[in-house]
Amino acid sequence: KTLKKDLLRVVRDKEGNVSVDLTGKANGRGAYLKKDSEVIKKAQKTKTLERVLEVEIPDTIYEEMLKLVD
């Protein structure tokens, strides 16, 4: 079973800004990714988050997530 603490939340606010939500409480549409570098790289390659959040996700967001899981 995957627990919330094993996940990273990425959120898109009303203005369309995307950020990694470390608190899990930021307002906006959120999507969760497992804290696993393979999962993050696959999401980047397949643009899964872009489809879910309906916004372009900058590479810096993926880089930030990869740093957090290392």
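The values are calculated or read from the model by the stated rules, or taken from the named source; none is laboratory data. Fair warning: this is a prediction, and the values are worked out from it, not measured in the lab. A quick note on method: Cβ atoms are made from the backbone with ideal geometry, for glycine too, and the neighbour counts reach across all protein chains shown. What goes into the accessible areas is simple: the full protein's heavy atoms, side chains included, and nothing from ligands, DNA or RNA. Shrake-Rupley method; radii C 1.70, N 1.55, O 1.52, S 1.80 Å.
Below are the figures for this structure:
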{"quantity": "Set LYS41/LYS67; LYS25/LYS45; LYS4/LYS67; LYS14/LYS35 screened for pairs whose C-alpha atoms are more than 23 Å apart", "calculated": "LYS25/LYS45; LYS14/LYS35"}
{"quantity": "Within the chain, helix-based [θ] at 222 nm, where runs of 4 or more DSSP H residues each add -39,500 (n - 2.57), nearest 500", "calculated": "-11000 deg cm²/dmol"}
{"quantity": "For LYS34, residues with placed amide H under 5 Å, excluding near neighbours", "calculated": "LEU8"}
{"quantity": "Contact order relative to length of the range 1-58, as percent, for alpha carbon pairs under 8 angstrom and 6 or more apart", "calculated": "32"}
{"quantity": "Rounded accessible area per residue of the chain, 1.4 Å, Å²", "calculated": "72"}
{"quantity": "Difference of contour (0.36 nm per residue) and Cα-Cα distance, GLU56 to LYS4", "calculated": "16.3 nm"}
{"quantity": "Apportionment of accessible area to carbon and sulfur, the chain, percent (1.4 Å)", "calculated": "48"}
{"quantity": "Inter-probe distance in nm under a simple model that places probes 7 Å from Cα toward Cβ, at LEU68 and VAL39", "calculated": "1.2"}
